[in-house]
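Visitor: Let me give you the structure first, and then I'll get to my questions.
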Amino acid sequence: MNRFAQLLDRLAFEHGRNGKLRLLAEYFRGVDDPDRGYALAALTGGLTFTHAKPGLVRQLIAERVDPVLFAMSYDYVGDLSETVALLWPAPQAPLGHNAPPPPSLSEVVEILQTTPKAGLPRALAGLLDQLDETGRWALLKLITGGLRIGASARLAKTALASLGDMQTDAIEEIWPGLAPPYLDLFAWIEGRAERPLTRDPAPFRAAMLAHALEESDFAGLDPADFAAEWKWDGVRVQAVTGRDESGKLVGRLYSRTGEDISAAFPDVLEAICDEAFGEAAIDGELLIMREGRVESFAMLQQRLNRKKADAKLIAEYPAHVRAYDVLSEGGRDLRGLHFAERRARLERFLATRRPRRFDLSPLVPFADWEELAAARSDPARAANGAGAGAGAGAQAEAIEGIMLKRLDSIYVPGRPRGPWWKWKRDPFTLDAVLMYAQRGHGKRSSFYSDFTFGLWRPGAGGDELVPVGKAYFGFTDAELKQLDKWVRDHTTNRFGPVREVEAGRGAGLVFEVAFEGVQRSARHKSGVAMRFPRISRIRWDKPARDADRLESLEALIGARKTA
C-alpha cells in the first residue's frame, strides 16, 4: 500500500504528462502482481466497494475527533480524505520492530471487498491505524473514489502499453472484457502469454471520440472529405447482440465508457434481443422520444442513474436509440471499413431489419463550410430547407451541434485527432450576480472557487435574486486569486465551507455566464436551471442591479426549437 500511496503523492505534484507517464511506467514495471493490477484498476475507475463509502469514513472520524475540530479542519483543507488522514489519531500501542508490516494494496482491496458491512468499521479503522498519513490518504481516496491526481484512465493505459512497446489502442480494444487485477493483461504485454480473449457473446467495443473543432482547424480541412450529421443531446451508447454457446441471442446496452446499463433500459434491451435485430453492434445516442419527437435532456435524466425502470417510468419516458454507426453485423467486425461504407451498411441494416426503438441519425447536406455553419446556427431552418432527410425540424431543440466525420475514417478507440470533429453550437450568455462561494478541492482547497449565481425576479419586497446555476471553471489562476479575495472581503454569512456574499442592487459581483441550454427544475427556487454553465467573463465594471432577469432565462426555454 505504501508504494501505491507514494505513486499517488508523486503524481499529484507532477504537472508534466511525460513525467506522469514515467512515474506510472516505473510503478507498473517495479511492483508485483496483483498489487499493480489493483493500482491500474484504481487509476481507471475499475475498483468499487459495496459497503465502504464516504459516510463510513465520516462516522469513524466523528468517533475519534471532536466534531468542531473536524468541521473547522475540513473547512480549511477542503478534501475529506486529506482531512481525515491528517486528523486520524496515532494508534495507542507504539509501532516498533515487532509491529506487523503495513498492508499491501491487494490486502486492502480484499478487506474492503469481502468484509461484511457489520465488520467493516472495525476493519477499516484497523487499516488506518497501520498506515502513515500518506498511506491513509491513499486508502481513503480509494474509498471516496476521487483520486484527483491529474492522471486519466487513458494515460494509465498508455504507460502500461510502454512496458511491451505496444499501442494504447491495442489495450483499449480488449479492455472491456478484462477485470482486476488484470493478470492476463500484464502477462500479454510482457510477452509471457497470448492476447487475452473474451468469451462474452455481446462485448463492448471501446468508443471512438471526436475533437472539438476550432476556427483555426478549418484551414486544413476539405469539405469534400467529410460527412456531417447532427450531434444529438442525449447519452452515447452501444447496443450489442451476439449468440452464446447454445445459440441464444444475447443483448446488452452499454454506456460510452462500457458500463452495462441494460437493466435500466429494459425497453431497449427487449428491442435488441428480438431475432429481427440479429447479431450487431450499433453506436448511437440514447434519447427519449414521444410521438416521433426527441424530448429534452431533462426528460432523459428521469431514466438515468437508475438500477431498474418500472412500467410507469418506461411508459412516461420511452427510450430510443438514434443510430450513428454500425461496428459489427452478423459476427463480422466492420470497424476497419471506411465510414462511408459503414454508413451505407447502417442504412441497409435499419431499412431491412426495422428494429423497434431505433432510427437513423440523418446526414446534414452541405457544399462548403459556410453552408454547414448556417445549418449549425439554425438546425430547424436548415432541416426544413433541405427536406425531411436532414431530420431536425421540430426536434432542433435536441441538437447540440454538428459532427464531422471523414468519409475514409476507420473506427478506432480513443480520440485520434483528425478523423472526427465535434462543432457545438455557440452557447447562450447572461449576466448573473454571485450569491454564494464554496471552497474547492485538491489544489483549490484553499480558495473559494465554486460559485453559485442568480438572476433578478420580482419579490414581495421588490426585486430579489434567485439561484440559477453553479460554475467552478472558466477563469484563470490569477482571476481565481482575485475572486477568492473578493469573496473574503465581501462575506455576509458563513455555512461551513460555504460563504454568502454581498448581493443586492447596490452591491455585488457580476459574472457573464455561458451555458448550453436551460430546463425546468423543481429542485431550484427559480424553477429553472442552466445546463453546463461556465464563467466566460468577470464583469468587475457592471453594477449588480444591471444583471439579467429570470424572465430572460425563462424565455430561452425552447429557444433552440423555435429559432
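Visitor: Using every Cα-Cα pair within segment 211-424, state what percent have a distance larger than 23 Å. Could you put the intermediate results ahead of the total?
Guide: Details: 10761 of 22791 pairs.
The answer is 47 percent, as a whole percent.
Visitor: Two-decimal Rg/Rh of the chain from alpha-carbon positions, Kirkwood Rh?
Guide: Result for the chain is an Rg/Rh of 0.98.
Visitor: Loop only by DSSP, 11 or fewer other Cβ within 10 Å of the Cβ. Give me the GluC sites (Glu not before Pro) in segment 184-244 that pass, ordered by residue number.
Guide: On the way: sites: E190, E194, E214, E215, E229; in loops: E190, E194, E214.
For GluC sites (Glu not before Pro) across segment 184-244 that sit outside H, G, I, E and B with at most 11 neighbouring Cβ atoms in 10 Å, the list reads E194, E214.
Visitor: Which entries in the list K141/K485; K117/K307; K117/K141; K141/K424; K470/K542; K424/K470 go over 24 Å, if you measure between the two C-alpha atoms of each?
Guide: Details: K141/K485 30 Å; K117/K307 21 Å; K117/K141 19 Å; K141/K424 35 Å; K470/K542 20 Å; K424/K470 21 Å.
Going by Cα-Cα distance, K141/K485; K141/K424 fall outside the 24 Å limit.
Visitor: Computed over the Cα atoms of segment 431-555, what is the convex hull's projected area averaged over all directions, in nm²?
Guide: Values: hull surface 30.9 nm².
Its average projected convex-hull area is 7.7 nm².
Visitor: Which longest uninterrupted range of the chain lacks any chymotrypsin sites (Phe, Trp or Tyr not before Pro) assigned by DSSP to a loop state (not H, G, I, E or B) and surrounded by at most 14 other Cβ atoms within 10 Å? Mind showing how you got there, number by number?
Guide: Numbers: sites that count: F473, W540.
The segment 1-472 is the longest one with no such site.
Visitor: I need to check one value: relative contact order of the chain, counting alpha carbon pairs closer than 8 Å and at least 6 residues apart, in percent. Don't skip to the end; give the middle numbers.
Guide: Details: 1013 pairs, mean separation 69.4, N = 563.
Over the chain, the number comes to 12 percent.
Visitor: A follow-up question, please. Considering only the other residues whose Cβ falls under 15 Å of the Cβ of D489, what net charge follows from Lys and Arg at +1 and Asp and Glu at -1? The partial results should precede the final answer.
Guide: On the way: positive: K481, K485, R488, R494, R499; negative: D484, E500, E502.
Within the 15 Å Cβ shell, the charges total +2.
Visitor: Over segment 90-232, calculate the relative contact order: mean separation of alpha carbon pairs under 8 Å at least 6 apart, over the residue count, as a percent.
Guide: Numbers: 58 pairs, mean separation 19.1, N = 143.
So the answer I get is 13 percent.
Visitor: Based on the inverse mean of 1/r over its pairs of different Cα atoms, what is the Kirkwood hydrodynamic radius of segment 2-144, in Å? Walk me through the numbers before you get to the answer.
Guide: Values: mean 1/r = 0.0621 Å⁻¹.
The answer is 16.1 Å.
Visitor: Rounded to whole Å, give me the distance from the Cα center of segment 505-537 to that of segment 239-296.
Guide: A separation of 35 Å, based on Cα centres.
Visitor: In µm²/s, what is D for segment 288-354 at 25 °C and 0.890 mPa s, where D = kT/(6 pi eta Rh) by Stokes-Einstein and Rh is the Kirkwood radius from Cα pairs?
Guide: It diffuses with D of about 172 µm²/s by this estimate.
Visitor: Then there is this: Can you give the alpha-carbon Rg of segment 152-226 over 2.2 N^0.38 Å, where N counts its residues? Mind showing how you got there, number by number?
Guide: On the way: Rg = 16.8 Å, N = 75, 2.2 N^0.38 = 11.3 Å.
Normalised by 2.2 N^0.38 Å, the Cα Rg of segment 152-226 equals 1.48.
Visitor: Please report how far the C-alpha centroid of segment 436-496 lies from that of segment 103-170, rounded to the nearest whole angstrom.
Guide: Distance between centres, Cα-based: 34 Å.
Visitor: What is the local net charge at G135, summed over the other residues whose Cβ is closer than 15 Å to its Cβ (Lys, Arg +1; Asp, Glu -1)? Could the numbers behind the result be given before it?
Guide: Numbers: positive: R3, R10, R136, K141; negative: D9, D35, E82, E107, D129, D132, E133.
The answer is -3.
Visitor: Do the sum for the chain: with -39,500 (n - 2.57) for every DSSP H run of n ≥ 4, divided by all residues, what is the mean residue ellipticity at 222 nm, to the nearest 500 deg cm²/dmol? Can you show the working numbers first?
Guide: Working: 21 runs with 191 residues, N = 563.
It lands at -9500 deg cm²/dmol.
Since every read-out is calculated from the coordinates, none of them should be taken as a lab result. Quick caveat: nothing in here was measured; it's all calculated off a predicted structure. Don't worry about glycine lacking a Cβ; one is built from the backbone with ideal geometry, like all the others, and counts go over all protein chains shown.
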